Ligand SMILES: [Mn+2]
C-alpha cells in the first residue's frame, strides 16, 4: 500500500504509533508531504528515523525550506568553518539538535519539493492552477509556490486535472465548521457514488494539526481510507 502523511512536526512517538497502527511493512511506501521538523521536540530524531526508512519518500515543506535557507546563509558567511556551521545548525533545534549530523543535513538538502505519480501529485502547500483549473506542470512552479501557497486549500478551489493533489500546510481544523482534526478528501462531482479510487478525488488535505490537537492521520492511495492515531 502507499500511504501519504503531512506536517508531522517532530511528533516522533505519534509517527511510530501510526506506522504500527497501519501495520506498515516492507512492501508499503509512505510519502511525507513536508514539515517533518519544528513545533515538537523530536525534529532531528524524526528526520533521522525517516531518512533510514528504506520505503519512505519525502518532500520539503516550508519548515525544512526555512532551515535550508538558514544553512545556506551560514555557508555563505563562513564557507570554510564547517564546525561552526554544524554547531549553529544544532542550536537551531533546541531540544534534540545535538543529534544533528552532516548526513542528515545533506539528506534534507537532497529532498525534492514535489513527488508525482501516475494518478497523484504530492506538494506541501499547493500548486497553481491554470485558467482551466488544471495544475501547472510542477517543475514550472517555484519552491515558494509549492511550500507557501495560500489559496489551494480553499474549499472552492477545484482541480480539473485527472491527478489527485495531496497537500498539507494548514490544519484542516481551521477550515472545518466543527473544528475537527481530520483529513479532507475532495470528491469529484462526476465520481460514481460508491466508488473509492484515487482518481475519484481531486485533492486531499492532510494536515490534521498534529502539534495542536495530537491527531496524526494518513491516507492510503489504493483503498482511499484515512487512518488516525491520537496522542
Ligand atoms: Mn507548512
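Just so you know, all these numbers are worked out from the coordinates, no wet-lab data involved. Just so we're clear, the structure is a prediction, and the values are computed from it rather than from any experiment. With ideal geometry, Cβ positions are generated from the backbone for all residues, glycine too; neighbour counts draw on all protein chains shown.
Regarding residue 210, is this residue within 19 Å of residue 58 (Cβ to Cβ) and within 16 Å of the ligand (Cβ to nearest atom)? Give the derivation first.
Details: within 19 Å of residue 58 (Cβ to Cβ): yes; within 16 Å of the ligand (Cβ to nearest atom): yes.
So residue 210 fits the description; yes.
Could you tell me whether any residue of the stretch 138-152 is away from the ligand (no atom under 16 Å from the Cβ) and assigned to a loop (DSSP other than H, G, I, E, B)? Spell out how you get there, then give the answer.
Of all residues in the stretch 138-152, those away from the ligand (no atom under 16 Å from the Cβ) come to 138-140.
Within this subset, residues satisfying the condition of being assigned to a loop (DSSP other than H, G, I, E, B) are none.
Taking every residue of the stretch 138-152 in turn, none turns out to be away from the ligand (no atom under 16 Å from the Cβ) and assigned to a loop (DSSP other than H, G, I, E, B).
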When residue 50 is run through (1) out of contact with any strand residue (DSSP E or B) (no Cβ under 8 Å at 6 or more places or on another chain); (2) part of a helix (DSSP H, G or I); (3) closer than 30 Å to residue 224 by Cβ, the failure sits at (1)
Among (1) within 16 Å of the ligand (Cβ to nearest atom); (2) part of a helix (DSSP H, G or I), where does residue 199 come up short? (1)
The residue that is nearest to the ligand (Cβ to nearest atom), considering only those in the stretch 25-36 that are surrounded by 23 or more Cβ atoms within 10 Å (Cβ to Cβ) and assigned to a loop (DSSP other than H, G, I, E, B), is 35
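Per-residue answers, yes or no, for (1) free of Cβ contacts under 8 Å to residues at least 40 places away in the same chain; (2) under 22 Å from residue 35 (Cβ atoms); (3) within 16 Å of the ligand (Cβ to nearest atom):
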position	(1), (2), (3)
71	yes, yes, no
74	yes, yes, no
83	yes, no, no
86	yes, no, no
99	no, yes, no
104	no, yes, no
108	no, yes, yes
128	yes, yes, no
135	yes, yes, no
